[in-house]
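Asker: One structure, pasted below without further comment.
Taken together, the values in this text are just the output of simple stated rules run on the coordinates, not laboratory data. Quantities reported herein were computed from a predicted structural model and do not represent experimental measurements.
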Amino acid sequence: MIHQPPPGARDLLPLEVTQKRWIANHLQQVFHRWSYHRIITSTLEWLDTLMAGGAV
């Protein structure tokens, strides 16, 4: 049986990881110059929260 990622999720291959990191690093430098601070939001959310906002 082959397992598939859930809808909306996908695996990144090595070249894609390199490209994504390059972009993220350059954006981080720009944000730092403008004194923005990094935040990390939840990866998972309650279904009722998403439904209340019309996301589902």
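Asker: Over the Cα atoms of segment 14-53, what is the Rg over Rh ratio if Rh follows Kirkwood?
Answerer: That ratio equals 1.18.
Asker: Ordered by residue, what ³J(HN,Hα) values in Hz, to whole numbers, does segment 18-32 give under the Karplus form 6.51 cos²θ - 1.76 cosθ + 1.60, where θ = phi - 60° and Gly and Pro are x?
Answerer: 4, 5, 5, 5, 4, 4, 4, 5, 5, 5, 4, 5, 5, 4, 4
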